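Notes follow the structure.
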Amino acid sequence: MKKEELAAQIAKAVVSCKKCRLCKTRKNAVPGEGNLNSAVIFVGEAPGQNENDQGRPFVGRAGMLLADLLSKIRLSRSDVWIGNVIKCRPPDNRAPMVDELRNCSMYLESQIKLINPKLIVTLGRFALEHFVKDAKISKEHGVAQVWKDRVIYPLYHPAAALRSPQVAAVLEKEFKKIPRVLEEAREMLKEDSRSSKKDNGAQISLM
Ligand code: URA
Ligand code: SF4
């Protein structure tokens, strides 16, 4: 099956998913969207009100900031893939609960296996914690790290940048390093593949 068809299959499973309580309050689930061949993907927390209304990720104010940051490194939304760890909006934008994160995580995992990016840019605390348990965003932002056969680059969430000019300045500075981090990731993963066997292209399991 083609990548597009597999992505559509995952999206279909997401929009009909009833694995956690958030299915009762969502208007639209937000599977994620973008270039399935991108070497870099962006992972946020969960849909907000605008995303819940439209069924698309990062289309509100935080999304405008993300698009603006992307343009600073000469990328547009459609060049990359953008998604969230949680696919349905938590009421009043409350933090996701542990069981919601647990139930939803397989969708993002399937999407990552399908896209097979070199670099995963996490936006905010919950996206980072999905990959690195007990990580502290305050300590680890801006520091790329190897995760399985990929590289994770944790950044502050654009919504946090909208609340604080200090955070905005740090986010912009670190965001501008993405092209370099991606180059380093490519190099690092190339070296790695000479010394160990990879598990890329692993089967996508939806259930
Ligand atoms: N914040 C997120 O984490 N994700 C979105 O899609 C929008 C806002
Ligand atoms: Fe399913 Fe995730 Fe939505 Fe919960 S948040 S209903 S697990 S898609």
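All conditions but one from (1) at pLDDT below 95; (2) within 10 Å of ligand 1 (Cβ to nearest atom) apply to ARG61; the one that does not is (1). So, in segment 158-199, of the ones that are of a type in the set (Ser, Thr, Tyr) and at pLDDT below 95, which residue ends up farthest from the chain's Cα centre (by Cα)? Per the stated criteria, the residue is SER195.
Filter segment 20-33 down to residues that are crowded, with 17+ Cβ neighbours inside 10 Å and farther than 23 Å from HIS141 by Cβ and give me whichever is farthest from ligand 1 (Cβ to nearest atom). Step through it out loud before you land on a result.
Narrowing segment 20-33 to residues crowded, with 17+ Cβ neighbours inside 10 Å: 20, 22, 26, 29-33.
Keeping just the survivors that are farther than 23 Å from HIS141 by Cβ gives 20, 22, 26, 29-31, 33.
On the way: CYS20: 17, LEU22: 14, ARG26: 13, ALA29: 12, VAL30: 6, PRO31: 11, GLU33: 10 Å.
Filtering first and then ranking leaves CYS20.
Given the condition among the polar types (S, T, N, Q) and part of a strand (DSSP E or B), answer yes or no: does some residue in segment 122-143 qualify? Scanning segment 122-143, I find at least one residue that is among the polar types (S, T, N, Q) and part of a strand (DSSP E or B), so the answer is yes.
In segment 78-91, which residues are in contact (Cβ under 8 Å) with a residue 60 or more places away in the chain and either among the aromatic types (Phe, Trp, Tyr) or near ligand 2 (Cβ under 9 Å from one of its atoms) (or both)? Don't jump to the end; show me each part of the working.
Of the residues in segment 78-91, the ones in contact (Cβ under 8 Å) with a residue 60 or more places away in the chain are 86-91.
If the condition is that a residue be in contact (Cβ under 8 Å) with a residue 60 or more places away in the chain and either among the aromatic types (Phe, Trp, Tyr) or near ligand 2 (Cβ under 9 Å from one of its atoms) (or both), then ILE86, LYS87, CYS88, ARG89, PRO90 are the ones that fit.
Residues that are within 14 Å of ligand 1 (Cβ to nearest atom) and of a type in the set (A, V, I, L, M) were ranked within segment 99-124; the one that is farthest from ALA46 (Cα to Cα) is VAL121. One residue stands out in segment 92-125 among those that are farther than 21 Å from ASN35 by Cα and away from ligand 2 (no atom under 12 Å from the Cβ): the one that is farthest from the chain's Cα centre (by Cα), namely ASP92. Could you grab me the full set of residues in segment 34-53 that are within 14 Å of ligand 1 (Cβ to nearest atom), at negative phi and either charged (D, E, K, R) or not in a loop (DSSP other than H, G, I, E, B) (or both)? Within segment 34-53, ILE41, PHE42, VAL43, GLY44, GLU45, GLN49, ASN50, GLU51, ASN52, ASP53 meet the criteria.
Take the residues in segment 121-139 that are closer than 15 Å to ARG150 by Cα and not hydrophobic (A, V, I, L, M, F, W, C), then tell me which one is surrounded by the fewest Cβ atoms within 10 Å (Cβ to Cβ). The qualifying residue surrounded by the fewest Cβ atoms within 10 Å (Cβ to Cβ) is HIS130.
Right, ARG56: outside any helix (DSSP H, G or I) and in contact with a Lys or Arg (Cβ under 6 Å, 6 or more places away or on another chain) or not? So that I can check it myself, show each step before the final result.
Working: outside any helix (DSSP H, G or I): yes; in contact with a Lys or Arg (Cβ under 6 Å, 6 or more places away or on another chain): no.
In short, no.
Going by the conditions given, is CYS17 buried (at least 18 other Cβ atoms within 10 Å of the Cβ) and either out of contact with any Leu (no Cβ under 7 Å at 6 or more places or on another chain) or within 17 Å of TRP81 (Cβ to Cβ) (or both)? The answer is yes for CYS17.
Just give me the residues in segment 156-167 being in a helix (DSSP H, G or I) and touching a residue at least 12 places away in the same chain (Cβ under 8 Å), in sequence order. It would help to see each step written out before you state the result.
Let us first name the residues in segment 156-167 that are in a helix (DSSP H, G or I), namely 158-163, 165-167.
PRO158, ALA159, ALA160, ALA161, LEU162, listed by residue number.
The values are calculated or read from the model by the stated rules, or taken from the named source; none is laboratory data. Computed from a predicted structure; not experimentally measured. Using ideal geometry, Cβ is built from the backbone for each residue, glycine included, and neighbour counts are taken over all protein chains shown.
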